[in-house]
1. Being touching a residue at least 60 places away in the same chain (Cβ under 8 Å) and of a type outside the set (A, V, I, L, M) is the filter here, so list the residues in region A:153-180 that pass it.
2. Among the residues of region A:73-92, are any within 14 Å of chain B (Cβ to nearest Cβ) and out of contact with any helix residue (DSSP H, G or I) (no Cβ under 9 Å at 6 or more places or on another chain)?
3. For A:His79, indicate whether it is at pLDDT 95 or above, in a loop (DSSP other than H, G, I, E, B) and out of contact with any Pro (no Cβ under 9 Å at 6 or more places or on another chain).
4. For region B:149-167, check the following and say yes or no: at least one residue is facing chain A (nearest Cβ under 9 Å) and over 17 Å from B:Val114 (Cβ atoms).
5. Output the residue which, of all residues in region B:49-61 that are assigned to a loop (DSSP other than H, G, I, E, B) and more than 8 Å from DNA strand C (Cβ to nearest atom), is surrounded by the fewest Cβ atoms within 10 Å (Cβ to Cβ).
6. Residues that are assigned to a helix (DSSP H, G or I) and farther than 21 Å from B:Ala175 by Cα: does region B:107-120 have at least one?
7. Looking at region B:78-94, can you tell me whether even one residue there is within 13 Å of B:Gln155 (Cα to Cα) and surrounded by fewer than 16 Cβ atoms within 10 Å (Cβ to Cβ)?
2 protein chains.
Amino acid sequence: MSGSAPQDTAATKKTTRSNRSKETQRVRLSQKAIVAAAADLFARNGFGATSLDDIAYQLGATKGALYYHIKNKEDILRHIYLMVLTASEEPLAEIARSNAPADEKLSRAIAHHVSVAASRSPAMMVFYREHPHLSGPFAREIVERKKVYERYFEQIIEEGQAAGVFSPTIDAKIAAFGLLGMCNWLSQWYQSSGPYTHQQIAAMFAQMVEGGLAPTPSPSPAKAGDGS
Amino acid sequence: MSGSAPQDTAATKKTTRSNRSKETQRVRLSQKAIVAAAADLFARNGFGATSLDDIAYQLGATKGALYYHIKNKEDILRHIYLMVLTASEEPLAEIARSNAPADEKLSRAIAHHVSVAASRSPAMMVFYREHPHLSGPFAREIVERKKVYERYFEQIIEEGQAAGVFSPTIDAKIAAFGLLGMCNWLSQWYQSSGPYTHQQIAAMFAQMVEGGLAPTPSPSPAKAGDGS
DNA sequence: GCACAATTTGAACAACTGGTAGAAACATAC
DNA sequence: GTATGTTTCTACCAGTTGTTCAAATTGTGC
């Protein structure tokens, strides 16, 4: 009955067990490092399937040490959400506030969102995947802020429809959701080593969506090619 | 003092563990019912965070009974993947095989994919989320079939570019990924009780994307509504 | 060297995990 | 009724989970 101490409890997942007996140096942990490593593992294996042992192992530390820097497992997840939100919200709000024409606003919003999705892709994947594991008032706050973020896109589209640069036959909310899906999905397949930079991808997405929303292609939307 | 309060950090955990001693009637299980219930729970809480007890509980049965119908937990996941693939692959292949013009092919492909994403949304969410939990040759098979599926969209777009109905300035693979992201994302927000049917949404998506890809100013306007 | 705070360890814990075995309940045919 | 095969239940196993905590280790100023 007396449980035999699991001496060799290595991180039993996919990673091979190589006890860092060589470098006996203790590792300097930090909240940032923990959150970054956790985002990576959560994105790869899911929150529920990632253990604190896994996270500690990837940092070369032990599970107990994590608790000096974080409150609990859900706390790590909270930090990932805050990281994504602080990187996303303010730049978009500024774009929306500017008085550029709607189509240019939309291009810039797409570029911004694609940039976040590309550069923070593990955290981004976690963001849109693991909210069921958040609890309490924080969970509600996230839902609210996400809605506000989405509504910026919707408003830009509505603005363009009112100004006559976007077709009014498509519901702005559906268009915004479609556009966001397009961008968010990128965190599933984008690799910085691929043939296109995220700026190029954003430009293609913008061309795709804006051309489709434009009612009058007569002026010169496809061949204009000059910065306003 | 080992007064460690086992806090319920789980947010969306179902009701507390109350063995259904009230209704002692036994439940008729089936592989289909198990897979359906599991898809629902996996979509909501993730594969790793869903226990066999959870699945059994939602079916009003016990864990042991599941094993008469399924081999193990991963086997359930395999069935979910097969369900999505069998619903997706053949209709799309037929659309691609047809000799309709490329823009109509694309409209139909979008309608098909949106239909699958809308009607099988829990399974769809699982499909694009839990492949790390598949192992062995089946995992590789899924990756391969997914690639084939995506390539259909890419080919339709290339076809349209060659025929001059789609702009050649956008990389076909990127356009296909963007389009698929748009459709796949729908399983995250679509509710059949919403203001639009999935057919209407598919029509809007088609209008968005095809208009954007079209080089000529006059796309045929009212064109929607495809069967099945 | 010493004192004192910051940090990490390693073991312990209770709860829960996927999976198994055998007994029990059921259905159907005779 | 008995016999037989199908389906579900209960109880259990061995291992893993998140979390706590005293003790050990490290860093820093003197």
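The values are calculated or read from the model by the stated rules, or taken from the named source; none is laboratory data. Worth saying up front: this structure is predicted, and the values here are computed from it rather than measured. No Cβ is skipped: glycine too gets one built from the backbone with ideal geometry, and neighbour counts run over all protein chains shown.
1. Correct list: A:Phe166 only.
2. Yes, that holds for at least one residue.
3. No; evaluated as a whole, the condition is false for this residue.
4. The answer is yes; a qualifying residue exists.
5. Out of the qualifying residues, it is B:Gly60.
6. yes
7. Yes - at least one qualifying residue is present in region B:78-94.
Yes/no per residue for (1) at pLDDT 95 or above; (2) within 18 Å of B:Gly181 (Cβ to Cβ):
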residue: A:Cys183; (1), (2): yes, yes
residue: A:Leu186; (1), (2): yes, yes
residue: A:Gln200; (1), (2): yes, yes
residue: A:Phe205; (1), (2): yes, yes
residue: A:Gly211; (1), (2): no, yes
residue: A:Ala222; (1), (2): no, no
residue: A:Gly225; (1), (2): no, no
